[in-house]
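The values are calculated or read from the model by the stated rules, or taken from the named source; none is laboratory data. Every value quoted in this text rests on a predicted model; they were computed, and no experiment measured them. For neighbour counting, all protein chains shown are included, and Cβ atoms are generated from backbone atoms with ideal geometry for every residue, glycine included.
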Amino acid sequence: MKKIIVTGGLGFIGSNLIELLLKKKYFVINIDKISYSSNFYNTREFKKNKNYKFIKCDIKSKKIEKIFNKFKPICIFNLAAETHVDRSIDGPKSFIESNIVGVFNILETFRKFVKKNKKTKLIHISTDEVYGDVLSGRSNENYPYNPSSPYAASKASSDHLVSSYVRTFNIPAIITNCSNNYGPKQHPEKLIPKLIYNILNNKTLPIYGRGTNSREWIYVKDHCEALLKVFKKGKIGNFYNIGSNKNLNNLNICNKLIKIAKKKIILGRNVKIKFVKDRPGHDLRYALNSNKIKKELKWSAKTDLSVGLSNTFSWYLNNKRYYSSLSKKDIVKRLGNKN
């Protein structure tokens, strides 16, 4: 049975990707250091699957080399990362350590590993935030990097590192840049699950500034299908943008969720939009041009935003225990409010 390693597999995208890979009959090794955003609730449905194995390990650890050599994976999907912009404003150091130093360790390990395992691949998962503000049009793979936050800068650095190892050491790696994901199992520090949590708990709905910041939204399961396609058919050394081509601002998203919630529950009287002080350096708009992956790999996002949001709301409504498995302060505390 073909083996695949997923780093950061207790997280949001990682756990959804593992679910897909198990359905496709791969043996999956989940490497996760178990941070605040890791959650064993995310893997409860397949934790006893005979084709799944969890290993606690930081991607900065020397243990990575032993794991690679023991399991000899045909692919490593690197999703281990610090991802929350607000946290990177409060404390950038952990972002530098995970997203740059950690990726460097994976690359050094992979460089040695691939000499004896020539059929393997590394898929490095990144973000549209590396492009910075895209006030008009859409950023394609040749668009210059212009990150605004320590988080985005750390991800941009990791992308450059991976790309340099492809060119200098000829490693078989591919980089993907995806738009804003949403869906089941996402930590409620992010916009959509935080709004859902507040709706379910009769709290006000905090929106930065005037809610005009625009994001391109993609359902996580569509993203995972794209990653599998990149692994199977993507060209070594290439970058692939993964997006839905659907932009909505934060206020639109909030209003859509309220509308969905009204059909499923009785809203509490405190469920109202509350505009809060914007975070520093907040990019106004991200928008990807995903024509390359559509044309070359025949992939496109399938899930309509309204359907995806409804499915997401229902998942949190039916999985309230997910929230109880998290620290309360990680859910409700305001971050990234530095001057």
* Structure fact -> Note on the range 87-126: residues among the small types (Gly, Ala, Ser) and buried (at least 21 other Cβ atoms within 10 Å of the Cβ) are Ser88, Ser98, Gly102, Ser126
* Asked: If only one of Lys3, Lys24, Lys33 is of a type in the set (Lys, Arg), in contact with a helix residue (DSSP H, G or I) (Cβ under 9 Å, 6 or more places away or on another chain) and more than 19 Å from Ile59 (Cβ to Cβ), which one is it?
  -> Lys24
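Out of everything in the range 221-251 that is touching a residue at least 40 places away in the same chain (Cβ under 8 Å) and of a type in the set (S, T, N, Q), what residue ends up being surrounded by the most Cβ atoms within 10 Å (Cβ to Cβ)?
Asn241
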* If you check Leu288, Leu267, Leu228, which single one turns out to be under 24 Å from Ser149 (Cβ atoms) and of a type in the set (A, V, I, L, M)? -> Leu288
* **Unique match (being over 17 Å from the mean Cα position of the chain (by Cα) and of a type outside the set (Val, Ile, Thr)) among Ser179, Ser136** => Ser136
* Among all residue pairs at least 6 apart or on different chains, which show Cβ distances below 8 Å where the first residue, located in the range 273-290, is part of a strand (DSSP E or B) and the second is of a type in the set (Lys, Arg)? -> Phe275/Arg210; Val276/Arg334; Arg285/Arg215; Leu288/Arg138
* Do we have Thr7 as surrounded by 16 or more Cβ atoms within 10 Å (Cβ to Cβ), closer than 26 Å to Ile242 by Cα, of a type in the set (Val, Ile, Thr) and within 15 Å of the chain's Cα centre (by Cα) here? -> yes
* Structure fact -> Reported set for the range 200-219 where residues are modelled with pLDDT under 95, touching an Asp or Glu at 6+ places or on another chain (Cβ under 8 Å) and not hydroxyl-bearing (Ser, Thr, Tyr) is Gly209, Asn213
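Residue-wise test of (1) among the hydrophobic types (A, V, I, L, M, F, W, C); (2) farther than 19 Å from His223 by Cβ.
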residue: Ile96; (1), (2): yes, yes
residue: Leu107; (1), (2): yes, yes
residue: Arg111; (1), (2): no, yes
residue: Tyr131; (1), (2): no, no
residue: Ser136; (1), (2): no, yes
residue: Glu141; (1), (2): no, no
* To do: Find all pairs meeting these conditions: Cβ atoms under 8 angstrom apart; at least six residues apart or on different chains; first residue within the range 1-14 and without any contact (Cβ under 8 Å) to a residue 60 or more places away in the chain; second residue part of a strand (DSSP E or B) and not polar (S, T, N, Q).
  => Met1/Phe27; Leu10/Asp32; Leu10/Phe54
* Inside the range 302-333, can you point out the residues that are in a helix (DSSP H, G or I), among the hydroxyl-bearing types (Ser, Thr, Tyr), surrounded by 15 or more Cβ atoms within 10 Å (Cβ to Cβ) and modelled with pLDDT of 90 or more? -> Ser310, Thr312, Tyr316, Tyr322
* Would you say Gly183 is in contact (Cβ under 8 Å) with a residue 60 or more places away in the chain and either among the β-branched types (Val, Ile, Thr) or within 26 Å of Leu10 (Cβ to Cβ) (or both)? -> yes
* To do: Would you check which residues across the range 110-131 are in a strand (DSSP E or B) and either touching a helix residue (DSSP H, G or I) at 6+ places or on another chain (Cβ under 6 Å) or among the charged types (D, E, K, R) (or both) and list them?
  => Lys121, Leu122, Ile123, His124, Ser126, Thr127
* Please go through the range 127-150 and pick out each residue that is buried (at least 17 other Cβ atoms within 10 Å of the Cβ) and either within 22 Å of Cys75 (Cα to Cα) or aliphatic (A, V, I, L, M) (or both). => Thr127, Val130, Val134
